[in-house]
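Report on one structure; see the data block that follows.
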Amino acid sequence: VQLQASGGGLVQAGGSLRLSCAASGGTFSTYTLGWFRQAPGKEREFVAATSWIGGTTAYKDSVKGRFTITRDNAKNTVYLQMNSLKPEDTAVYYCAGRRGLDLFKNPTWYDYWGQGTQVTVSS
């Protein structure tokens, strides 16, 4: 399974970005796809996750109402729409996948990782 993340960049506070995670090399109907982030000097933390089938979602409390995770089954792609961005959202964002439909927030439960994409929010 390969995951390819893209869409990061530099944006001013209050702005928006959409991250994409293209998945390949597997059958994803029983997978969970998630987004994590890691700021310098901090541990990797859960941001959002969705089950491939059913579309259940989970979010970190601080991004609820600002971030939305969606998927396009035909394109095998998961998106993270990030609105009302804040400087504290600055981090490297990673997409991750795991077999199973439980929306775990612990990164150790995820088996597959894409390369990170940098998101920088200026104040």
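Every read-out reported here was derived from the displayed coordinates using simple, explicitly stated rules and does not represent laboratory data. Fair warning: this is a prediction, and the values are worked out from it, not measured in the lab. Don't worry about glycine lacking a Cβ; one is built from the backbone with ideal geometry, like all the others, and counts go over all protein chains shown.
Give me D for the stretch 47-110 in µm² s⁻¹, whole number, from Stokes-Einstein with Rh from the Kirkwood sum over alpha-carbon pairs, 25 °C and 0.890 mPa s. After rounding, the answer is 194 µm²/s.
For the stretch 7-123, how big is the tail of P(r) above 16 Å, as a whole percent of Cα pairs?
Working: 3778 of 6786 pairs.
Every Cα pair in the stretch 7-123 considered, those over 16 Å come to 56 percent.
In summary, the lysines within cross-link reach of LYS64, defined as a Cα separation below 17 angstrom excluding same-chain residues under 8 places away, comprise LYS86, LYS105. Taken about its Cα centre, the chain carries a charge dipole of about 100 debye when Lys and Arg each add +1 at the Cβ and Asp and Glu each add -1 at the Cβ. Note on LYS42 and THR27: the extension gain reaches 2.1 nm, defined as 0.36 nm multiplied by sequence separation minus the Cα-Cα distance.
Given the Cα-Cα distance of ASP61 and SER122 and 0.36 nm per residue of separation, how much length would full extension add, in nm?
Values: separation 61, 0.36 × 61 = 21.96 nm, distance 2.16 nm.
Extending this stretch completely gives an extra 19.8 nm.
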